[in-house]
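K.L.:
Pasting a structure below so you can have a look.
The values are calculated or read from the model by the stated rules, or taken from the named source; none is laboratory data. All values reported here derive from a predicted model rather than from experimental measurement. Cβ: placed from backbone, ideal geometry, glycine included. Neighbour counts: every protein chain shown. Side chains included, ligands, DNA and RNA excluded: accessible areas come from the protein's heavy atoms. Shrake-Rupley method; radii C 1.70, N 1.55, O 1.52, S 1.80 Å.
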Amino acid sequence: MVPSSVGGDAPIAELVPHIRLRGVSKVLRTERGAEITALTGIDLDIDNGSFVAVVGPSGCGKTTLLNQIAGLAEPTEGEISVRGRPVRGPGRDRGMVFQADALFFWRTVRRNVEYGLETQGLPRAERKEYAEKYLKLVGLMEFADLYPKELSGGMKKRCQIATVLANSPEVLLMDEPFGALDYPTKCQLQEQLLNILAREPKATVFVTHDIEEALFLADRIVVMGKGSIRRIVDVPFTKPRASDLRVDAKFAEQKAELWRALEGWLTAADETADA
């Protein structure tokens, strides 16, 4: 189908960011009725194929922001849209990779990947074709008949990613997916994730505490503090990226600069709290 256009110029799809947040705020209420402001006035645009990492201290609202985009919670104020459509709840256009391994222990790797396709009513042969495509993409095809308990931590995470990708989401949301892994495995999965997204580009939002991880993966880094965006950093490195980037002097400079920005805000926040 030919995309609609405005005034015969650029297609609408090019004019509207894939993900748009405008004035998004979220107030949480405790069991005792106290109110906690988790997000305040978030404005953010994310284009299709763009990788945005979100960093900041614990409790700054990173996961709350991700959950709002996923439709797992509604903003108290503001609007979130995907391709111009307001987000009113979870949808198949958004796939979420959680920090914990969200796998069914009683299903094999292959049948975990097929699960979402089963719920959509796809025929068995078609489910198998999709599952094998994404198992090959994440390098798990030879482990398709194993159960999650037989997999390493990195393999479980790759299975979870394959399960999400098999549903063909337009948006990929990832909440510290590699946080519990050892450094070599984490680095390997970061490179594999970039390779996957080079083949199948998606608007991606990736929450992490790891500054190096954010720099290696992202096109832009959103630095958060106390529920608001403090700074947005454009990452200067071109893609594809390889492991030798991690020891590049420019990478070290960028990492130090990002840390200083984060540390400077934390120091200012502490001084304000003590005042």
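K.L.:
Compare Tyr183, Tyr115 by solvent-accessible area with a 1.4 Å probe and give them largest first, with all protein chains kept in place.
P.N.:
Values: Tyr183 115, Tyr115 95 Å².
From most exposed to least exposed: Tyr183, Tyr115.
K.L.:
Give, in nm to one decimal, the length gained when the segment between Arg107 and Ile36 is fully stretched (0.36 nm per residue of separation minus the Cα-Cα distance). Could the numbers behind the result be given before it?
P.N.:
Values: separation 71, 0.36 × 71 = 25.56 nm, distance 3.95 nm.
That pair, Arg107 and Ile36, stretches by 21.6 nm at full extension.
K.L.:
Please report the accessible area of Val164 (heavy atoms, 1.4 Å probe, ligands and nucleic acids excluded) in Å², nearest 10.
P.N.:
So the heavy atoms of Val164 present about 20 Å² to solvent.
K.L.:
Given springs between every Cα pair under 10 Å in a Gaussian network model of the chain, which of Ala249, Ala261, Ala102 has the largest fluctuation?
P.N.:
Highest fluctuation of the listed residues: Ala249.
K.L.:
Can you give the helix-only mean residue ellipticity at 222 nm for the chain, where every DSSP H stretch with n ≥ 4 adds -39500 (n - 2.57) and the sum goes over all residues, rounded to the nearest 500 deg cm²/dmol? Present the calculation step by step, with values, prior to reporting the outcome.
P.N.:
Values: 8 runs with 101 residues, N = 275.
The helix contribution divided over the chain gives -11500 deg cm²/dmol.
K.L.:
Answer with one residue from Met224, Gly71, Cys60: the one whose Cα lies farthest towards the positive end of the charge dipole of the chain, charges on Cβ with Lys, Arg +1 and Asp, Glu -1.
P.N.:
Farthest along the dipole direction, towards plus: Gly71.
K.L.:
Give the lysines reachable from Lys202 as a straight Cα distance under 19 Å; neighbours fewer than 8 places away on the same chain don't count.
P.N.:
Lys133, Lys136, Lys157, Lys239
K.L.:
Next question, about the same structure. Nearest 10 degrees, 0 to 90: what angle lies between the long axis of helix 153-165 and the longest principal axis of the chain (Cα atoms)?
P.N.:
Here the helix axis deviates by roughly 80 degrees.
K.L.:
For the chain, give the percent of accessible area contributed by carbon and sulfur heavy atoms, probe 1.4 Å, rounded to a whole number. Spell out each step's value before the answer.
P.N.:
On the way: 7130 of 14190 Å².
C and S atoms contribute 50 percent here.
K.L.:
Between the helical axis of 183-199 and the dominant principal axis of the chain, each derived from Cα atoms, what acute angle in degrees is found, rounded to the nearest 10?
P.N.:
Around 80 degrees separate the two axes.
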